[in-house]
């Protein structure tokens, strides 16, 4: 591949430049490109004024051999990228030639094939340079005579459209419309400079690197298709134009190939990543690939922003990113989308000059795109779902716990497609990229520690505080990204394998402090044999034991339901454990205030499981613990167990289980619910809970009752069960009372059986 710096004039003297028919229309003159257009034109004229070289990055395309060079035909250069800049340079050369009242023959070697009207307009423009000069002078004289204001804004395009050679229907051609707008911008800017600085010779200071493509990955046809639409400039196109300018100004020769790669190797990589949609969908596929490239750059900019700004909480805003070196009150500060941003909202740290402050940051971006497939494959290979049982083999992998991005493939896709990448998970990929870039042999262990660190940054949900943690990563991104970088850079201690098994499970999510303490959990102290034995017991218990039995053991070891969070119906709700809540209870929380819970877990794991009878023996029959243990299978559900109850001595039976984890869900009295099940099981009678056999949205005892079909109702009143018959044979009566010598549920069942047999209720 031959690369050379060349001017527009030199290129047109060497080739005939032909914008192919299926290329997109000229876009720099469109209304939505105003800021980019004005900045570009200003830069061009500043270069001419100062007589300094302005390098316009890369222009590349295919060369088509002329069929008859012997008759003076030139080879054709068909631009595949650079069409917009070449067209602007053509218009600038024409304008300066016109202002110097001369005709330059090389201008005829630039032609548009997008439409026949575009081609004919360029031909007419090039052939009538001197004639138009006279018309322009006359028009300006008339304007000046009439003392009209704003004479430079549209006078040039208006005069062109007044010429005999200008055909009216040309105004419908988008390329011609855009060219006329650009010519007006050129004329407006030129009026700020003296004519002696605007010479044809100085135009040779405007150069670009010419690449003649022969075989460069994506074929020529696909490149042409890429630009074959007349759509408004996309966010990617606006960004790319500004980004390329920034790279050239900031890094100069060090980033020559980046502009080329954005539209070549890197685009091809993302093009292949996008799902194939058929030949007719190729354009959509290319545009999707471009949007994915921008998503990756956005992600990297955010990570680099926080890495460089440790004290920044969560202030990164892509809409504030701009390309000015100075504070944003500079009128030329641009957003990534080419828009002027409000100076009160844009901070200097959002400048690309700050985000890519050194070559190192740029190298990270280059590394990501150069190694896109390797990173994608490595993410899929390293990151995996959390384990459903402690000890399940996951190999040399890192388990993650985001239910939307539970494996590396989805995690990577979330970054590329800008979907569902949480702030908690965002550091994982950045860490992986950093570790891969420096070929760190301990990347697995370091990624696990980063996972552990990120999972620990949390607080209990303010609405459903007993059952849900919320990550606090997003509240202090700078600190957390820097901490993850430190983990990547520092040496790390390999932990005992049994700890890894627990850290990979959803109940622990990398946090073993409750069972092992801070130092052992973090690998600063080794595990002793007692620790390992405890963990082996814990593995067996948590993998195989039903929720209700685990809760029974916790109660036995003096967990008194003091894990209270939030309220329902004005009463504190207490969490006793479940498959959906063990993570909350088995990890550190709120300064480890629930030390009783920690001791109960450790005692159960050290001593192992014991019989239900022995568990129950510790309590007497007027204590709630007795019933929570003996009837645990009926009292507790597998997935969640939240309870509320009154502290009044006279209402010890008025305990209610929440039917789900909503803030104010319906409730069920577990005593009545257990009695319902027992009556159905033992007495073979039809029983329903309440009037409709469903939970009741009330803490009033009178609203909670069971109905034995055709026979009676049973309610809780003053630590007793009260029976109300449906006939006149018996009156309402207290049939069982809570005491320390008899089981009130068994007493009730025995009494009911006797009544039904004796009186045939």
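Residue count for region 99-117 under the criterion of being without any contact (Cβ under 8 Å) to a residue 60 or more places away in the chain, more than 13 Å from residue 127 (Cβ to Cβ) and in contact with a helix residue (DSSP H, G or I) (Cβ under 7 Å, 6 or more places away or on another chain): the result is 2.
Each row is one residue, and each column tells you yes or no for (1) under 16 Å from residue 112 (Cβ atoms); (2) buried (at least 17 other Cβ atoms within 10 Å of the Cβ).
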residue: 158; (1), (2): no, no
residue: 168; (1), (2): no, no
residue: 172; (1), (2): yes, no
residue: 181; (1), (2): yes, yes
residue: 191; (1), (2): no, no
residue: 205; (1), (2): no, no
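Looking only at residues of region 642-656 that are within 14 Å of residue 627 (Cβ to Cβ) and in a loop (DSSP other than H, G, I, E, B), we find that the one that is modelled with the lowest pLDDT is 652.
For (1) within 29 Å of residue 711 (Cα to Cα); (2) in contact (Cβ under 8 Å) with a residue 40 or more places away in the chain; (3) touching a strand residue (DSSP E or B) at 6+ places or on another chain (Cβ under 8 Å); (4) assigned by TED's automatic domain parsing to the domain that holds residue 567, each residue gets a yes or a no:
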| residue | (1), (2), (3), (4) |
| --- | --- |
| 631 | yes, yes, no, yes |
| 639 | no, yes, no, yes |
| 656 | yes, yes, yes, no |
| 660 | no, no, no, no |
| 666 | yes, no, yes, no |
| 681 | yes, no, no, no |
| 687 | yes, no, yes, no |
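Selection of first residues in region 543-564 that are free of Cβ contacts under 8 Å to residues at least 40 places away in the same chain and of second residues that are part of a loop (DSSP other than H, G, I, E, B) and surrounded by 17 or more Cβ atoms within 10 Å (Cβ to Cβ), restricted to Cβ pairs under 7 Å at least 6 apart or on distinct chains, gives the following pairs, ordered by first then second residue: 562/594.
Yes/no per residue for (1) part of a loop (DSSP other than H, G, I, E, B); (2) surrounded by fewer than 19 Cβ atoms within 10 Å (Cβ to Cβ):
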{"site": "509", "(1), (2)": "yes, no"}
{"site": "526", "(1), (2)": "yes, yes"}
{"site": "538", "(1), (2)": "no, no"}
{"site": "551", "(1), (2)": "no, no"}
{"site": "567", "(1), (2)": "no, yes"}
{"site": "578", "(1), (2)": "yes, no"}
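Take the conditions (1) within 54 Å of the chain's Cα centre (by Cα); (2) touching a residue at least 24 places away in the same chain (Cβ under 8 Å); residue 65 misses just one of them, which is (2). Scan region 585-595 and give yes if some residue there is assigned to a loop (DSSP other than H, G, I, E, B) and at pLDDT 85 or above, otherwise no. Yes, region 585-595 contains a residue that is assigned to a loop (DSSP other than H, G, I, E, B) and at pLDDT 85 or above. Of all the listed residues (78, 96), the sole one being closer than 30 Å to residue 247 by Cβ and in a strand (DSSP E or B) is 78. Every condition in (1) modelled with pLDDT of 95 or more; (2) surrounded by fewer than 19 Cβ atoms within 10 Å (Cβ to Cβ) holds for residue 519 except the one numbered (1).
For region 612-628, a residue qualifies if it is closer than 18 Å to residue 550 by Cβ, surrounded by fewer than 17 Cβ atoms within 10 Å (Cβ to Cβ) and without any contact (Cβ under 8 Å) to a residue 60 or more places away in the chain, and the qualifying residues are 613, 614. Considering region 657-761, the qualifying strands (runs of 3 or more DSSP E), each wholly inside and each with 1 or more residues that are at pLDDT 90 or above and surrounded by fewer than 18 Cβ atoms within 10 Å (Cβ to Cβ), run over 687-689, 712-717, 720-725, 733-737.
Taken over region 361-390, the criterion of being surrounded by fewer than 17 Cβ atoms within 10 Å (Cβ to Cβ) and farther than 24 Å from residue 292 by Cβ is satisfied by 388, 389.
For the residues 160, 176, 143, the requirement of being modelled with pLDDT under 90 and either touching a helix residue (DSSP H, G or I) at 6+ places or on another chain (Cβ under 7 Å) or not in a helix (DSSP H, G or I) (or both) singles out 143.
Residue under question is residue 394, and the condition is that it be touching a strand residue (DSSP E or B) at 6+ places or on another chain (Cβ under 8 Å), under 25 Å from residue 509 (Cβ atoms), surrounded by fewer than 19 Cβ atoms within 10 Å (Cβ to Cβ) and at pLDDT below 95; does it hold? The answer is yes for residue 394.
I'm trying to understand the selection: among the residues of region 738-752, which are in contact with a helix residue (DSSP H, G or I) (Cβ under 7 Å, 6 or more places away or on another chain) and over 17 Å from residue 678 (Cα atoms)? Selection gives 738 alone. Could you list, in sequence order, the residues of region 30-46 that are buried (at least 19 other Cβ atoms within 10 Å of the Cβ) and either touching a strand residue (DSSP E or B) at 6+ places or on another chain (Cβ under 8 Å) or part of a loop (DSSP other than H, G, I, E, B) (or both)? Across region 30-46, the qualifying residues are 30, 44. For residue 427, the criteria (1) closer than 18 Å to residue 449 by Cα; (2) not in a helix (DSSP H, G or I) hold in every case but one, which is (2).
The values are calculated or read from the model by the stated rules, or taken from the named source; none is laboratory data. These figures come from a predicted structure and were not determined experimentally. Because the Cβ atoms are built from the backbone with ideal geometry, glycine has one as well, and the counts that use them run over all protein chains shown.
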